[in-house]
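Okay, structure first, notes after.
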Amino acid sequence: RRLDIWEAHIEQAVSKCAQLEQCDEDILDRYYDDQAITDNSAHEVVHFEPFGIPHKRIGETSLPSWLAMTALEQLPRRQFCLDNDILLALSPGLFPDIQVLKPMFDLVGDPVEHVGGTVNFACEFKERMFEAAVTMNSIRPGTGRKCFFTMLPPSLLPIRGSGPSFGKVVVLVADPRYLVMRQLPIWEALHRGAGFGLKRLHASDFLKNYLQSDSHLGGFELQRLAMWAIEAYRQPEKIKIVFIEDFITEPTTTMQGLSRFLGVPQDETLQTAEGQLLAQKDFGLFFPCKNMPEMGHLLDIVKDFEEILATLPSGVQALWQDNMAIWSTLPDPRMASLGLSMQRHSLWVGPAWWAAQALDCAHLAATLTEGSAVQGRPAPFAMSLLTLPGSGTA
């Protein structure tokens, strides 16, 4: 009976993958068409709506006002990176209080000095922010492997095989409801950085304006992460999705899995990066948690989002629901599971073994699909391994 159930799941997964072959192409083509940059779209005009905070825009993507849009619009076409360079794709909501960047730089073999203890904002590593380095024209050819991070959506980045491209991309993912709410301190910091002093944004007004706006910091969170999931499905050997929960609950497993994906030897380099992560873990890797577990803080932020969303007008709520619909069909099983929880307005907590599965099954899938993958995509059977019940122990 159990075998019959598994065979039914395999058949369902094969059917789903066949649909995704066309689905992801259509979605990506439409997305890149929408984000296409014309000669007049990338300019240095400073916008203030909807929060009264200065920023610039490329299409539907808002960015800090100190970045040069005319330089960034050339990114997909110019050779700013080498094939062995690493890119860490971050949501803007992960920029505050992020403590995993320095261990990741060390893991890659591109360490950076940081004066002081904890990191208040990712931009403290300004020379490693890809769009900042491009703006400052500070990227220089070198023999070593370089590691950058970015808030840019995939449509604005050199990640596709047809042109200049990063060697590997690690995409840090979390519940979009958490990531949206965590953008509040970023917008407030942008206001201070522009010389306008302190500005406090009310959470309810912020969420309402965020959902109604036609431009978002780093791109609309639901859409941007969905596009990364599809890109990771198209290029599994190059792009890896990693949930921030993995760093919090399984830091050693996560760093070891990333070292294999990035081709880093299991030596002192890995041990140093692991040691840094473990030393910071009890103090908070993405938020300074003194009196509660960090996962508890994450879930509390998600609760805040849902409580505020329920008070907003139905038309504003529909904007979130409409953009969320695609998530339950994403090729990444964890993101699809999260999508179902978001549709039910419930909390999502993945099983503890999921970190190991996500970082290790890629090797099994690559072995099974060798010679049978189409344009770098996993074959349907390999995809089904990631969707079978209990596949983490299979």
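The values are calculated or read from the model by the stated rules, or taken from the named source; none is laboratory data. Just so you know, these numbers come straight off a predicted model, no measurement behind them. Cβ: placed from backbone, ideal geometry, glycine included. Neighbour counts: every protein chain shown. Each accessible area value is taken on the protein alone, full model and side chains, heavy atoms only, with ligands, DNA and RNA left out. Shrake-Rupley method; radii C 1.70, N 1.55, O 1.52, S 1.80 Å.
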Theoretical gain in end-to-end length, Leu278 to Glu237 [0.36 nm per residue, Cα-Cα removed] | 12.0 nm
Of Arg177, Arg160, ordered by accessible area with the largest first and a 1.4 Å probe, the sequence is Arg160, Arg177
Compute the separation of the alpha-carbon centres of the range 157-229 and the range 57-74 and state it in Å as a whole number.
-> 13 Å
log10 I(q)/I(0), Debye, Cα-only the range 177-325, no solvent, q = 0.10, 0.21, 0.22 Å⁻¹?
-> -0.49, -1.32, -1.34
Expressed in nanometres to one decimal, the distance between label points 7 Å along Cα→Cβ at Gln271 and Gln74 is 4.5 nm
SASA check, Trp348, accessible area w/ 1.4 Å probe, all protein chains in place, rounded to nearest 10 Å², comes out at 20 Å²
State the extension gain, in nm to one decimal, for the chain segment bounded by Ala325 and Ser138, taking 0.36 nm per residue of separation less the distance between their alpha-carbons.
-> 63.3 nm
For Asp214 and Lys126 in one chain, what is 0.36 nm times their gap in residues minus the Cα-Cα distance, to one decimal in nm?
-> 28.9 nm
So, in nm, how far is label His47 from label His345 when the simple model puts each one 7 Å beyond its Cα toward the Cβ?
-> 2.9 nm
At 1.4 Å probe size, with no ligands or nucleic acids counted, give the accessible surface of Thr329 in Å², nearest ten.
-> 60 Å²
Counting only the heavy atoms of the protein chains, how much of Asp83 is accessible to a 1.4 Å probe, in Å² to the nearest 10?
-> 120 Å²
Can you pick out the pairs among Lys56/Lys126; Lys146/Lys208; Lys146/Lys290; Lys102/Lys290; Lys126/Lys240; Lys168/Lys303 whose Cα atoms lie more than 29 Å from each other?
-> Lys146/Lys208; Lys146/Lys290; Lys168/Lys303
